[in-house]
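The values are calculated or read from the model by the stated rules, or taken from the named source; none is laboratory data. Owing to the predicted nature of the structure, the values given are computational and were not obtained by experimental measurement. No Cβ is skipped: glycine too gets one built from the backbone with ideal geometry, and neighbour counts run over all protein chains shown. When the accessible area is computed, the model is the full protein with side chains, heavy atoms only, and any ligands, DNA or RNA have been set aside. Shrake-Rupley method; radii C 1.70, N 1.55, O 1.52, S 1.80 Å.
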Amino acid sequence: MDAVILHSGFDGLKFTLQSEISAELREELASAKAHAKETHGESVLELGAITLNVTNKGARGFTAHTGDHGAVWLFQDPQDRILNNPGITVDFRAFGLATGGLAGAERHFRNCMEALGIKYAETQLRVARADFAVDVLAPWFEPDREALVVPPGTKITEYTGVDETATIASGARVVGLRAGAIANRQLAIYDKRTEVIQTNKMGWLTIWNAALTAIGKPALDLNDRDASQVWRFEMRLGSKQLRNRFEMRNWQDVHDIIGDAFTDALSRIRYTLPTTDTNRARWPMHGIWRQFEDVLGNDLHHNCAGVLPSDVIEANRTAKMRELDAQLAGLFVTRAALSDVQAGDLQDFIETHADALWRQITEHPTPAPERLAKAKARYRWT
């Protein structure tokens, strides 16, 4: 039985920026934060074309937001910096991503940076997290831990409430599964209907009903669980994937290869229909999972390069090593010829001559570690 797709798109996106706020902005934020503490609320700053709500949070910095369709902004205090932490963190909100997508998030970011007067270069940006979600109407579905086929060692958690992480008790209805680590790669399957009701975020109901109207189906009545059960399938990628493996740094990288990152994640985890076959790899794919894969692939088709940056880097590095090996081999043959070495003695000559080469390296006026570091710097692949 096919589920009905009610929504698909990015649900989370976080950037960090190695930059600082100006002294003038710092004073405005400090004053607004102090006022927020006094009033136990939020202070509003009108900065050009944007409105910044400053909270009383942030022990050594400032926390603000630009509304439900904007982002949460964390600014380090330039006068009380935490070493090695980024000066600015931007965490885009789900409703803004759901309605504006990547293009809307980037537009909002650049408008805010201009209004805040923060100078930066694209090389200072880093992608910290990206989430992609698909909401499906499937009242008959319930998550099954056994149906998840994941890489060895992956932690899987069952839970029975929006904020719970404990394994379910016997007889409790499963409302969600999580597999993996958020810093790396994580899949979450959970009861989005219940979350919407508990958090009163009825904007999602508007989004879902718009999708149903578009295909000629009646609107959802959340009071009728048997007819309105919506499950969210969400793939979350952290910095170990985005930064380390896919070399994602800035907005252009996100637009170009974020689809490759999510496609790779889907190739490493599956939700299946368990059978009696002891080889879990042969279990058939669940129908909802097939729909999830299809939607993600279609939505992110234009955000794929089709090749990993790390693969390109490794190919270039390997090619250079082969080139240098060929040069070394040629030099050794020439050096052996000048020493009247016979063909049958060439291997012994190469092995014994390595000691002479090592003596030259150690006797060089520039220490070996320094020469090695310079060589590494000369051949940077990222």
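Screening Leu13, Leu47, Leu17 for residues that are farther than 30 Å from Ile288 by Cα, open to solvent by less than 10 Å² (accessible area, probe 1.4 Å) and either among the hydrophobic types (A, V, I, L, M, F, W, C) or at pLDDT below 95 (or both) leaves exactly one candidate, Leu17.
Restricting attention to segment 214-229, the residues being open to solvent by 70 Å² or more (accessible area, probe 1.4 Å) and either over 29 Å from Ala3 (Cβ atoms) or touching a strand residue (DSSP E or B) at 6+ places or on another chain (Cβ under 9 Å) (or both) number 2. Exactly one residue out of Pro365, Pro369 is loosely packed, with under 11 Cβ neighbours inside 10 Å, outside any helix (DSSP H, G or I) and at pLDDT 85 or above: that is Pro365.
I want to confirm something. Restricting to segment 268-300 and keeping residues that are farther than 23 Å from Val4 by Cβ and of a type in the set (A, V, I, L, M), which single residue is most open to solvent (accessible area, probe 1.4 Å)? If we take residues in segment 268-300 being farther than 23 Å from Val4 by Cβ and of a type in the set (A, V, I, L, M), then Ala281 is most open to solvent (accessible area, probe 1.4 Å).
Of the candidates Glu106, Glu122, the single residue that is at pLDDT 95 or above and among the acidic types (Asp, Glu) is Glu106. Exactly one residue out of Thr66, Thr51, Thr55, Thr39 is more than 30 Å from the chain's Cα centre (by Cα) and among the polar types (S, T, N, Q): that is Thr39. Taking segment 50-62 as the search range and keeping residues that are out of contact with any strand residue (DSSP E or B) (no Cβ under 6 Å at 6 or more places or on another chain) and assigned to a loop (DSSP other than H, G, I, E, B), which one is surrounded by the fewest Cβ atoms within 10 Å (Cβ to Cβ)? Ranking the candidates gives Ala59 first. Taking segment 63-91 as the range and being open to solvent by 10 Å² or more (accessible area, probe 1.4 Å) and part of a strand (DSSP E or B) as the test, the residues that pass are Thr63, His65, Val72, Leu74, Gln76, Thr89, Asp91.
Filter segment 324-352 down to the residues that are outside any helix (DSSP H, G or I) and open to solvent by less than 80 Å² (accessible area, probe 1.4 Å), then identify the one that is farthest from Ala375 (Cα to Cα).
Val341
Checking each residue in segment 204-240 for being aliphatic (A, V, I, L, M) and outside any strand (DSSP E or B) picks out Leu205, Ile207, Ala210, Ala211, Leu212, Ala214, Ile215, Ala219, Leu220, Leu222, Ala227. When we screen Glu27, Glu106 for residues that are touching a residue at least 40 places away in the same chain (Cβ under 8 Å), open to solvent by 20 Å² or more (accessible area, probe 1.4 Å) and either out of contact with any Leu (no Cβ under 7 Å at 6 or more places or on another chain) or assigned to a helix (DSSP H, G or I) (or both), the only hit is Glu106. Candidates are the residues of segment 230-248 that are touching a helix residue (DSSP H, G or I) at 6+ places or on another chain (Cβ under 7 Å) and at pLDDT below 95; the one that is most open to solvent (accessible area, probe 1.4 Å) is Arg245. Would you check if His255 is open to solvent by 70 Å² or more (accessible area, probe 1.4 Å) and within 18 Å of Gly101 (Cα to Cα)? Judged against the criteria, His255 is not a match. Filtered by the rule that a residue be among the acidic types (Asp, Glu) and either open to solvent by 30 Å² or more (accessible area, probe 1.4 Å) or farther than 25 Å from Val295 by Cα (or both), segment 113-157 gives Glu114, Glu122, Glu142, Asp144, Glu146.
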